[in-house]
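*Asks:* Once you've had a glance at the structure underneath, I'll fire off some questions.
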Amino acid sequence: MLGEQQEMSFIDHLEALRWHVIRAAIAVVVFATGAFFAKDFLFHDLMLGPSRSDFWTYQMSCKLAAWLGAPGLCIDKIGFVIQNREMSGQLTMHISTSFIVGIVLGFPYLFWELWRFIEPGLYPHERQNSRGAVFFVSVLFILGLLFGYYIAAPMSIQFLAGYVVDASIENQIDMQSYLSTLTTMSLSCAFVFELPMIVFFLAKAGLITPEIMRAYRKHAIVVVLIIAAIITPPEVTSQIIVTIPIILLYELSINIARVVARKRTAALNAQLAENQGVAE
């Protein structure tokens, strides 16, 4: 009988997970469908924006160049042409890009569904300590996505588009290659920006402490540089631009771990004092 109850309990969990997944999938399909029918905005304004010199980031670079008196910082032209070389290339790209946008737009809801599945298994104090998790994860994701889209991706695209080994070679970039660079850079930054929340949960579980993070700060900087080198082109400026916010996030995470450790210590001391009072 006990085995039967455990089996039913496991099946109930699978059933609950199935419905969470179904609702999340429906949300992605709804957002993807909306993106599919908003084709002009999706491609001309959003996805192809960083391929034109009137993009916000490039305009800001020219204003900064004028303010600093350094015309070399102004990005006023993009030296490449985007091409499609496959018969069904544009239709395939339209569908796949719509689904990527659907996942991005639906990310807060996707995480909320995941959290609704995990939350019932938490202890009351863990649930209390994790309030606002969906909000902060979503905010960090959006901030990272905006940083990737407006800073990291345009810098990478500008560098790769302007790099030539000989003036006689014209850069004619495949549409898939361009969109892959844009989405990879943007999403990579979005997930990297989740570092403070990852540290928060690890610190709550007692798996990481601020002392450990301080002791391994130099090692962490090396890892950050490696990550920046992977998600950016081999160009120093882009790597520095990506490295700086990640290091700042790491320092913020140390402070988060310190606050969590302090609260854990206070809670343990209070529980110890309560147990001693009961024993007396």
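The values are calculated or read from the model by the stated rules, or taken from the named source; none is laboratory data. These numbers come from a predicted model, not from an experiment. Here Cβ is always computed from backbone atoms with ideal geometry, including for glycine, and neighbour counts include all displayed protein chains. Quick note on the areas: whole protein, heavy atoms, side chains included, nothing else; ligands and nucleic acids left out. Shrake-Rupley method; radii C 1.70, N 1.55, O 1.52, S 1.80 Å.
*Asks:* Taking +1 at the Cβ of each Lys and Arg and -1 at the Cβ of each Asp and Glu, which of VAL165, ALA16, LEU48 sits farthest along the dipole of the stretch 10-278 towards its positive end, judged by Cα position relative to the Cα centre?
*Replies:* ALA16
*Asks:* Express in % the proportion of alpha carbon pairs of the stretch 110-227 at distances exceeding 24 Å. Show your work: numbers first, answer last.
*Replies:* Numbers: 3307 of 6903 pairs.
Above the 24 Å cut-off, the stretch 110-227 has 48 percent of its Cα pairs.
*Asks:* If you don't mind, another one. Any chance you could run the full-extension gain for VAL81 through ALA16? It's 0.36 nm times the residue separation minus the Cα-Cα distance, nm to one decimal.
*Replies:* Here the answer is 18.5 nm.
*Asks:* Continuing with this model, one more query. Please identify the cysteines of the chain that lack any partner cysteine with a Cβ under 4.7 Å from their own Cβ.
*Replies:* For the chain, the answer is CYS189, because their Cβ atoms have no other cysteine Cβ under 4.7 Å.
*Asks:* While we're looking at this one, here's another question. With springs only between Cα atoms under 10 Å, which of ALA32, ALA205, ALA161 fluctuates most in a Gaussian network model of the chain?
*Replies:* ALA205
*Asks:* Given R₀ = 41 Å, FRET efficiency for ALA167-SER138 by Cβ-Cβ distance, to 0.05? Present the calculation step by step, with values, prior to reporting the outcome.
*Replies:* Numbers: r = 47 Å, r/R0 = 1.14.
My answer for the efficiency is 0.30.
*Asks:* Averaging over every viewing direction, what projected area does the convex hull of the Cα atoms of the stretch 21-172 cover, in nm²? Don't jump to the answer; show the numbers that get you there.
*Replies:* On the way: hull surface 53.0 nm².
Mean projected area for the stretch 21-172: 13.2 nm², to one decimal.
*Asks:* Here is a follow-up. Please state the shape class of the chain: rounded when a/c is under 1.5, otherwise prolate if a/b exceeds b/c and oblate if not, all from the C-alpha gyration tensor. Could the numbers behind the result be given before it?
*Replies:* Working: a/c = 3.00, a/b = 1.55, b/c = 1.94.
Oblate, since a/c reaches 1.5 and b/c is not below a/b.
*Asks:* Still on this structure, please answer the following. Within straight cross-link reach of LYS204, meaning Cα distance under 28 Å, which lysines are found once same-chain residues fewer than 8 apart are removed?
*Replies:* By straight Cα distance, LYS204 reaches LYS218, LYS263.
*Asks:* Could I have the simple spin-label model distance between ARG214 and ALA273, label points 7 Å from Cα toward Cβ, reported in nm to one decimal?
*Replies:* 2.5 nm
*Asks:* Let me ask something else about it. Charges only on Cβ, +1 for Lys and Arg, -1 for Asp and Glu: so what's the dipole of the chain about the Cα centre, in debye to the nearest 20?
*Replies:* 680 debye
*Asks:* For the chain, build the charge dipole from Cβ charges (+1 Lys, Arg; -1 Asp, Glu) around the Cα centre, then report which of LEU179, LEU140, MET87 sits farthest towards its positive end.
*Replies:* LEU140
*Asks:* For a quick check, take a GNM of the chain with Cα springs below 10 Å and name the residue from GLY89, GLY144, GLY69 with the largest mean-square fluctuation.
*Replies:* In the Gaussian network model the winner is GLY69.
*Asks:* Net charge near TYR58: determine it from the other residues with C-beta under 14 Å of the C-beta of TYR58, scoring Lys and Arg +1 and Asp and Glu -1.
*Replies:* Values: positive: ARG52, LYS63, LYS77; negative: ASP54, ASP76.
My count for the surroundings of TYR58 gives +1.
*Asks:* Right, another one. Could you point to the residue in ILE100, TRP115, CYS62 farthest towards the positive end of the stretch 10-278's charge dipole, with +1 and -1 charges on the Cβ of Lys/Arg and Asp/Glu respectively?
*Replies:* Final value for the positive-end residue is TRP115.
*Asks:* Quick check: at a probe of 1.4 Å, how many percent of the accessible area of the stretch 76-149 sits on carbon and sulfur atoms? Could the numbers behind the result be given before it?
*Replies:* Working: 3070 of 4590 Å².
Exposed carbon and sulfur together represent 67 percent of the surface.
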